[in-house]
Each structure stands twice: as structure tokens, then as C-alpha cells.
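Structure first, then comments.
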Amino acid sequence: MATPRLTLTGIRKAYPGVLANDDVDLTVHEGEIHALLGENGAGKSTLVKIIYGVLAPDAGEIRWNGRPVTIASPNAARQLGIGMVFQHFSLFEALSVLENVALGMDGEKNWKALARRITEVSHAYGLPLDPEREVHELSVGERQRIEIVRCLLQNPELLIMDEPTSVLTPQEVDRLFLTLRQLAAEGVSILYISHKLHEIKALCDAATIMRGGKVVAHCDPAVETARSMATLMVGSNFAPAEKPAKRLKRAPRFQVNGLDLKTTDAFGTSLQDVTFEVRAGEVFGIAGVAGNGQSELLAALSGERRVEAEAIIIDGNRAGRLGPRDRRALGLAYIPEERNGHAAIPDLTLSENGLLSAFDRRALATNGIIRYARATSFAAEVIERFSVKATGAEARASSLSGGNLQKFVVGREILQAPNVLIAAQPTWGVDAGAAAAIHQALLDLAAHGVAVLVVSQDLDELLALTDRLAVINGGRLSRPLVTAEATLEEIGLLMGGLHDLPDAVPAVETESVAAHG
Amino acid sequence: MVRLEPRAEISPAMRWLTPVFAVILTVAAGAILFAAMGYDPVRSLRAFFIAPVSSAYGLAELGVKATPLILIAVGLAVGFRAGVWNIGAEGQLTLGALAGGYVGLLFWGQEGWYILPSMMVAGILGGMAWAAIPAFLKAKFDVNEILVSLMLTYVGLLLLSALIYGPLKSPEGFGFPESRMFSPAAQLPNILAGTRLHLGAVITGVIVLVVWLLMSRTLFGFQVTVIGQAPAAARFAGFSRSRMIWTSLLMGGGLAGLAGLFEVAGPIGQIVPVISPGYGFTAIIVAFLGRLHPLGCVLAGLLVALSYLGGENAQITVGMPQAVTGVFQGMLLFFLLASDVLVRYRLRLGNPAVAGGR
């Protein structure tokens, strides 16, 4: 076989506390469409940043066309012939296609020639683009074409595509695949990053699967089934955790009925007909890869965005139109995914951060006057009950480690005695000790009859905590599965969006849920 | 190559010391500037900073100039903390002066304790009405409040001209573009005999204390901080951004309007074509120099008022050009912002690709 275009050997990259890439090997041949597959946090982005010169590896070797190289910057990568199309575009909306492309090129200022080349290249690869159009008039798919054409103008030998289809319509996806196959036929190698299994089966010649910073398999997508790749991606090292044997199955405390919500974010996902309920004493999980509508769902559930009154029911009260304060009055507590700037304010003290959500339910402010003594003792209570390591209630939130601040945030919500608790990624970026404490606190809360909803990308977490779980994909929620009876393949396939493909497993018997009830 | 690198830890003491550094640097740069222009720097600085306040009358004048600056700055600081950028206090001041002054003219030749309070209310409402326009556009359509409030300033100044050359012109004024002098009952009483220091200074002091309590002890003040520092956390807590836009703009506009009324009912005594020497804009400098804190605004207001007095005095005694006041205020803001940058960042020499590491 000819010399591989790109060979990575033993790539290693550590961040404080995390080994993002551990002894990663990757080989991409000439004219090959190579899939890089893995869940969020598996280390795909780090690896790609290393190839594109954004990050330098701590150890390992990069060979380009057989020659060892050091890629010091994206500029150096482009000079070698590596192009990259990012998931989020960097385009100036008020400028034309031509101006945007010219801004990304070094030195090229012959506008007429450049416009001609844009037209030529874009037509040659089935990506029609008018250089004079202004970007703000273009669809997302057309904007992506600008990014691709910008790369192609530099005659790349390797094109990196980071989740290119996450923003495209099915028709645009088909079109893109034709272009990528044409490029591959001309000898361009393509590194295709995705977690969408059916795309990889349809498009790619080879696949490298990563999990937890390591390569777990090199495989041929044509031979593998989507199911086997899902298992490799998700991992099989789990055993359902010991949960309290029989939880009380009582009436639903939190109901979501036919929730539709248009996203306000250009890269967001609109919700379509999301329906589920969480019963008293139950932990309900929502799994899914990030960007499938979780942010929109959480905004609607917490009251940060208002929806139809009947769409959200808290303890029998129609709450869809209420804001966060009124929902809190009904007993809803919420732990946002992002600690810094959403759940807590880094520059403020812990007692002020306690005030942030507990001022009504713990009467930390009465008649609009803040009771600082109460706020301080509330913060001290959270610190004490949840073993938060901090110098005291007057410590700034930014002085706490991630795990300790998260314990504080979780404790702040739990000590408000909620009826319903929504937790988003409650143990994201938290050390193992804090994670265990947070999990225990959520289970204890459910044992006291609170309805607990956990939205997480961490499947192990959901399998350990939940009684039932559903998967969100493309803004739609799957039917709930009983966690104890669900298999990893089913969950992995639902996460990859394989609801209707032939090798997908039919959804588990949900009737068994009713039998429990 | 010189680069700025963010500091890991920002010292809180330095945050409060930067205004002091800014003042010292301004004085030093001023001395150099005076020397370069051929003036004796020591004599000039004396004329600028010391002579104006070396008499009781001078100190009272300092209070007269500082009153509108402090009053406006305290209101603006609330909005700036919440991330609402009201740049149009000058226009709100003008509308307050017009509305309050108009009420004063309605009571021309009359007496009664109620005249001054109704003028103050009208002044506040006039300023609020002018600030309500950017508030509505910002809250409803997310129109940039900086542009709207700034441009409305010029509309306000032209409205003042139109009225003072027209319906408000005094019938006994020999055609001068001035209103009638207000009756004694419509003028703010002096609180220090032989000076121009008026009741407005006392009211301003009370307002500063009230705003201080509001910002430090109430849920409203907490909301201002949260919305300004972390909009997402404010949404999480359930604090309404559009309500904050309205409240902070109305508050800033109302206090600017009151300051305008204090000018016409105090030192001026009638409505004239030019009511303020740019107090509404200078108050922005005062608010930042005072670290957006009500008490800080008092100190900063006194300092900036001194630059007005000093500029006037330097014109008279040393023969410097009038622009020297603006130059000093500009240098003050420049050095403050520059010191702030250096408190947050450190200067690094060298090429980033080499020194930056990874």
C-alpha cells in the first residue's frame, strides 16, 4: 500500500485533571473518507485540534505523507495541505461571499480572479455559490459551502469536517455527501467527525472509534453494524447500580405535554412534541448527544423561556407561562449545566450566590430588603450539610473547585425543599468524590418523594441513577425505557438517531412501565 | 512586540486605587502640558487645583458645580452596573429643566410652598419621559440604547432652542432668547449666605444615601449586580431584564431631569439657551471614576467639579485657553481606563508564537 497521507502514533494530550488523548493512533490514506467517531468528551476535538495545529501534543508523532512534521499553527497546517471546516462558521454576515473568502486567504487580493475561481470551484464540486451574494441572505447550508470552498481553493490533501451535518437539512446532507465522494475520488483524504452512525455507514471507508480519550477500535463501517459501533462508542463496562429496591410509584408530579419550542439560536434545535412525566419518588433520565435540543428543553422546563400554559404541569398546576420565580414558588428547583455565570456568579460570595435562587423559599429577602444574616447562615448550612470545601459563606464562588461549587449549587437547591428537581449534567467536570456525593443526594431526594429529572450526556450516570430514561434526538424525545430492562445498544442507537433504520431495535416494551405503576 | 496578558487574580485594592493613580497621572501630565505650552507649571497647577477652593465662596462654588454631576452620575451608575448604557443624560437634563422650568413659569408672580415641589416632580418626569424612549425601544425591539439616548440629546437641545426662541421667550426680555426670571417662590433657597450653594445640594446628598441603601441592602440592588455581571444567572434567578432596562433608564433620566431643574431653579434662575456646560456627558466620567458606587460618585463629582472651576480660574489668572477644562477631563478618563486595563492585564514583551507557549 502507498504511504499513508497522515499517520498519528501515540498521541497524548493532558489537561489539568483530564487525559484528553491517551496513546491515540490514527492512519488516513489517500482518497479515504475516514470517520472519527465518539461521544462528546471522547477526545475527538482535542485530536483534531492537534492535527490542525491549534494544540500541540504532549507526546506522539505526526507523519504527513511519510515525513515526520510538527504542526505549529493552523497556518502551518494549511501550508501542508490540511483544511478544516468547523462546526460553527466564522463568517461576516454583512459582507459578500467573495469578501469573506478573501479575508480568509493570505495575500490574495485579485478580486476578479478570486471571484472566478470561487465560481469555478463551487460548480466543479456541486456547491453552487454566487460570490456577490451577502452572507446574511444565505441559508445555513450555503454558508457551509463558503467554508468548504474556502478550503478547496487552497487545494487541500486532507479535509477535516467537524460534525458537518448537524446544521443541515436531509437534502443538503445528500448533496454534501456527493461532494465529499467526488473529492475522495480525486485523491483528497477526508477526516469526518460525527456521532451519527447511519451517516458513517453511508459515507465512510474506515472508522476510528474513541472513548474516554482512547482509541477503542479501528473498523470498517461497511462490515460493522450501527449497533456494534454504538456499543463500541458507548462502552459496555457497566452494570446497573444498586438502587433502592422498590420505589414508591405515585402520581406524576411533573408533566410535560406536547411541548414545541422554536430555538432562538442559529445552531440550536427546536423542540417537537416533547411529552413525558416524572412521578413522585422517581428519577427520570433524558439522554442524548449535546445539541439535540437539551438547552431548549431546559430553558422551557426551568421557565427561562415561556411556553403554552398546559405544556408544563407542576404538581397539578399549569406552569408553562410562569417565569422561574413563580415556578420556584410551585416547588420547582433547577440545577443548570453551567456553573459559572448560570447557576452561580464567580465574583460573588457564597452567601450572595445562595441568595440568587433561595431568596423567596428561604425568606432571605423580605419586602425587597435583603436579610444578610439569614443569607449567610443559609450558605453556611449548605456548606455544612453538603461538605463543601470553602473558607466560609463569604468565600467567593470563583475560589471553589468545580466539584465543591457544584456541591454548593446542588445543596442550595435541595435545601429549598423542592417538589420537583431538574438537574442538567449534575456531575459534569466534577471529581469522583463530589460526583458520588451529588448522586447520593439526588437519590435521597427521590426517596423522600421528590420527582427528580436528570438531563445528561453521561450514560453511566443515567444508568446508575434513573428508574426510567428517554433519549432526545433532533428535538424529539423517544418513548421512555425502563432503565433496568434497557440495553446499551438500544440507547446508543436512539442517541445516533436510528429510530427508523432497518437494523435498529424496536423500542423496548413501554407497557411494562405501566405495570410498575 | 508588546502584548497584553490577562492577570489570573485581580486585586480588589487596586480596583479602588486606580482612580487615585489616574488623578496623580493627570496632574503630572498636566504639569508637562503646561510647561510645553510655555506656562509656569507650578503656578498653573496652583491656579487650577488650589486657588479655586481656597475661599469659602470657592468651596460653595465647588458644591454648586458638583451637585448636578453627582446627582446625574449616581443615577447613571445604577444603569451602568446593570449593563444599560444611558449616554443621553444631557438631553434628559435639558428636558427636565424645560418641564420643571415651564411649571415654574406657570406659577410666575405667585407664592406657595407647593411651587418648588411641583417643579421638581415635573423636572423628574421630563427627564424620565426622555429616557423612556430608549427604554421602550431597547426593551421592545432591542434597539441600541447608546445610540438612541445619545441622539435624543441633540433633539432635546434643539427643542430647548425652539422653545426659548419661541413661546417661552420673555415678553419683557428685549428679544433676548431667555425666559422670565422665576419668582422667588420658584427658586431654590440658598443654604449658605453670600454664595450660590442651594437646597439642591442637600437633596442630592439625601438621594445619594437612598441610592446607596437601595444598591447595598435591597433585592433590587442585588438584581442590578446579577443582571450586569451574569445575564444567564439573572434569567435563572428569574430577574427580568426588560424591567431592569426600564427601571434603570427611568431612574437615570429622572435624576438627570432633577439636576436640570436644579440648574434653572438654582444658579440660573430662568430658562436660557444653554443650561449645562455638558454636565450630562461629564457625569459619565464621574460615574466611572467613582467606580459606579454612590459614595465614590460623590468624591469623583467633587474632583471633576474642581476641574471646571480650575479651568475657569486658569483662564482668568494665567490666561490659558478654555479648552483646558476638557483636556483635563479627557486625560482623567484616559488615565483611569488605562490604569484599569493594567490592573486586569499585564504587559508582556516578546513574540506570542515563541513566548506564548502552549
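Taking K and R as +1 and D and E as -1, what net charge do the other residues with C-beta under 14 Å from the C-beta of B:Thr225 add up to?
Working: positive: A:Arg396, B:Arg81, B:Arg217, B:Arg241, B:Arg291; negative: A:Asp347, A:Glu352.
Around B:Thr225, the surrounding residues sum to +3.
The calculated FRET efficiency for the pair B:Leu295 and B:Phe176, based on their C-beta separation and a Förster distance of 56 Å, comes to about 0.85.
Helix B:89-106 axis versus longest C-alpha principal axis of chain B: approximately 10°, rounded to the nearest ten.
Tell me the mean residue ellipticity at 222 nm calculated for chain A from its helices only (DSSP H runs of n ≥ 4, each -39500 (n - 2.57), averaged over every residue, nearest 500). Each step should come with its number before you reach the end.
Values: 17 runs with 170 residues, N = 517.
The per-residue figure over chain A is -9500 deg cm²/dmol.
Helix B:145-164 and the longest principal axis of the Cα set of chain B meet at an angle near 20°. Cross-link pairs exceeding 30 Å between alpha carbons, from the set A:Lys49/A:Lys196; B:Lys65/B:Lys169; A:Lys44/B:Lys138; A:Lys214/A:Lys389; A:Lys44/A:Lys201; A:Lys196/A:Lys407: A:Lys44/B:Lys138; A:Lys214/A:Lys389; A:Lys196/A:Lys407. Taking all Cα pairs closer than 8 Å and separated by 6 or more residues, the relative contact order of the stretch B:43-189 comes to 26 percent.
Scanning chain A for chymotrypsin sites (Phe, Trp or Tyr not before Pro) that sit in a DSSP loop and have at most 14 other Cβ atoms within 10 Å, the longest stretch containing none of them is A:268-517.
Of the trypsin sites (Lys or Arg not before Pro) found in the stretch A:96-165, those that fall in a DSSP loop while having at most 15 other beta-carbon atoms within 10 Å are A:Lys109, A:Arg133. First select every other residue whose beta carbon is under 11 angstrom from the beta carbon of B:Ala131; then total the charges, Lys and Arg +1, Asp and Glu -1. Around B:Ala131, the charge tally is 0.
Taking chymotrypsin sites (Phe, Trp or Tyr not before Pro) across the stretch B:94-182, the ones in a DSSP loop with at most 16 further Cβ atoms lying within 10 angstrom of their Cβ are B:Trp108, B:Trp113, B:Tyr114, B:Tyr165, B:Phe174. When the Gaussian network model of chain B links Cα atoms closer than 10 Å, the mean-square fluctuations of B:Leu116, B:Leu192, B:Leu295 top out at B:Leu192. Residue-normalised convex hull volume from the C-alpha trace of the stretch A:6-234: 121 Å³ per residue. What is the distance in Å between the Cα centres of the stretch A:287-335 and the stretch B:304-333? Using only Cα atoms to place each centre, the spacing works out to 58 Å. Within the listed set B:Gly100, B:Gly330, B:Gly257, the residue fluctuating most in the Gaussian network model of chain B (springs between alpha-carbon atoms under 10 angstrom) is B:Gly330.
Per-residue Cβ counts within 10 Å, from other chains only, averaged over A:341-351: what number is that?
Working: counts 6, 7, 4, 3, 9, 3, 4, 6, 0, 0, 0.
That average works out to 4.
Ignoring aspartates and glutamates fewer than eight residues from A:Lys112 along the same chain, the ones with Cα atoms less than 12 angstrom from its Cα are A:Glu99, A:Glu132.
Please tell me the relative contact order of chain A in percent, rounded to the nearest whole number, where contacts are Cα pairs under 8 Å and at least six residues apart.
Working: 1029 pairs, mean separation 74.0, N = 517.
Once divided by the residue count of chain A, the mean separation gives 14 percent.
The alpha-carbon atoms of chain B define a convex hull whose volume equals 173 cubic angstrom per residue.
What is the projected area of the convex hull of the Cα atoms of the protein assembly as shown, averaged over all directions, in nm²?
On the way: hull surface 176.0 nm².
Approximately 44.0 nm², given one-decimal rounding.
What net charge is computed for the residues neighbouring A:Ser189, neighbours being all others with C-beta under 12 Å from the C-beta of A:Ser189, Lys and Arg scored +1, Asp and Glu -1? Its environment carries a net charge of -4. For chain A, the convex hull drawn through the C-alpha positions has a volume of 162 cubic angstrom per residue.
Peptide B:221-234 shows a mean partner chain C-beta count of 5 within 10 Å per residue C-beta. Mind checking which of B:Ala89, B:Ala193, B:Ala185 has the largest fluctuation in a GNM of chain B, springs on alpha carbons under 10 Å? Among B:Ala89, B:Ala193, B:Ala185, the largest GNM mean-square fluctuation belongs to B:Ala193.
Within the stretch A:157-234, report the GluC sites (Glu not before Pro) that DSSP leaves as loop and that have at most 13 other Cβ atoms within 10 Å. Don't skip to the answer; put the middle values down first.
Numbers: sites: A:Glu157, A:Glu172, A:Glu186, A:Glu199, A:Glu224; in loops: A:Glu157, A:Glu186, A:Glu224.
When the GluC sites (Glu not before Pro) of the stretch A:157-234 are filtered for loop state and at most 13 Cβ neighbours within 10 Å, A:Glu186 remain.
Suppose R0 equals 25 Å. What FRET efficiency, 1/(1 + (r/R0)^6) with r the Cβ-Cβ distance, do A:Val140 and B:Ser242 give to the nearest 0.05?
Details: r = 29 Å, r/R0 = 1.17.
Calculated value: 0.30.
How big is the gap, in Å, between the Cα center of the stretch A:394-418 and the Cα center of the stretch B:22-99? When both Cα centres are located, 44 Å separates them. For chain B, the mean residue ellipticity at 222 nm estimated from helices alone is -22500 deg cm²/dmol, where every DSSP H run of n ≥ 4 contributes -39500 (n - 2.57) and the total is divided by all residues, rounded to the nearest 500. Against the empirical 2.2 N^0.38 Å (N residues), the stretch A:338-417 has a Cα radius of gyration ratio of 0.96. Note on B:Glu145, B:Glu263: ascending count of other Cβ atoms within 10 Å places them as B:Glu145, B:Glu263, the fewest first.
Just so you know, all these numbers are worked out from the coordinates, no wet-lab data involved. Here the structure is a predicted model, which means the values were calculated and not measured. Cβ atoms come from the backbone with ideal geometry, glycine included; neighbour counts cover every protein chain shown.
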